[in-house]
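Only one structure is covered here, and it is reproduced in the block below.
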Amino acid sequence: SPALLLDALGEVWHLRMQMYNSPYQRVTDCVRAVWRNEGAGAFYRSYTTQLTMNIPFQAIHFMTYEFLQEQLNPHRQYNPGSHVVSGACAGAVAAAATTPLDVCKTLLNTQESLALSSNISGHITGMANAFRTVYQVGGVTAYFRGVQARVIYQMPSTAIAWSVYEFFKYILTKRQEERRAGK
């Protein structure tokens, strides 16, 4: 989808700008340097990785939300509290479960020097190579670096998204029912 492609493009310069001791002062400097040194392919490096990460994230996210709604709101009434809690928890579970994929995606996009020094080719390509490199550098715990930040970021985001979605679903459904009753 176009949104995933834009995510993949933005991911390269976004992560490199955030890196510790990043040599880039502006986004344009980063884009030019990546284009010159690594070519256009560098901007698309994470597209398949983005898909690999987003599909499991969304699957876990939706299944968790639906499960929690069954527990907290079995009659499926409009209940903002249950939507916020279910949304936040669903985002937290999905974020935690997909953190290893995010760690590998970040490694692929940043080509972090510590990891590169442990890699024979000096360049990390593909998820399998990224998974091996993360394990070689930090063991199993390295797959969950940043899990707290991901969970804390996703919880309010998914809580707001679900509550807004459920609000508009409620308003539109109510309006449709009123129209039917008025006819």
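The values are calculated or read from the model by the stated rules, or taken from the named source; none is laboratory data. Worth saying up front: this structure is predicted, and the values here are computed from it rather than measured. All Cβ positions, even for glycine, are placed from backbone atoms using ideal geometry, and neighbour counts span all protein chains on display. Accessible surface is based on the protein model in full, side chains and every heavy atom, while ligands, DNA and RNA are left aside. Shrake-Rupley method; radii C 1.70, N 1.55, O 1.52, S 1.80 Å.
Tabulated results
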read-out: Residue under evaluation THR52, criteria (1) within 23 Å of ALA128 (Cα to Cα); (2) modelled with pLDDT under 80, criterion not met; value: (2)
read-out: Residue in the range 130-146 that is under 19 Å from the mean Cα position of the chain (by Cα), open to solvent by 70 Å² or more (accessible area, probe 1.4 Å) and not acidic (Asp, Glu) present; value: yes
read-out: Close pairs (6 angstrom Cβ cut-off, 6 or more residues apart or separate chains): over 13 Å from GLY126 (Cα atoms) and among the hydrophobic types (A, V, I, L, M, F, W, C) in the range 35-48, modelled with pLDDT under 80 and not in a loop (DSSP other than H, G, I, E, B) anywhere; value: PHE43/LEU9; PHE43/VAL12
read-out: Identity of the residue in the range 89-148, under 30 Å from SER163 (Cβ atoms) and of a type in the set (Ser, Thr, Tyr), that ends up modelled with the lowest pLDDT; value: THR106
read-out: Among residues of the range 140-168, those that are of a type in the set (D, E, K, R) and in a helix (DSSP H, G or I), counted; value: 2
read-out: Within the range 147-183, considering residues that are among the charged types (D, E, K, R) and exposed (fewer than 12 other Cβ atoms within 10 Å of the Cβ), the one nearest to ALA95 (Cα to Cα); value: LYS174
read-out: Extreme residue, modelled with the lowest pLDDT, among residues of the range 38-49 that are crowded, with 16+ Cβ neighbours inside 10 Å and in a helix (DSSP H, G or I); value: PHE43
read-out: Selection count where residues are surrounded by fewer than 20 Cβ atoms within 10 Å (Cβ to Cβ) and not in a helix (DSSP H, G or I), scope the range 79-100; value: 1
read-out: When residues of the range 57-78 are limited to those that are outside any helix (DSSP H, G or I) and free of Cβ contacts under 8 Å to residues at least 60 places away in the same chain, the one least open to solvent (accessible area, probe 1.4 Å); value: ASN73
read-out: The range 146-175 residues that are over 18 Å from ALA97 (Cβ atoms), paired with ones that are open to solvent by 70 Å² or more (accessible area, probe 1.4 Å) (beta carbon under 6 Å, 6 or more apart); value: TYR170/TYR78
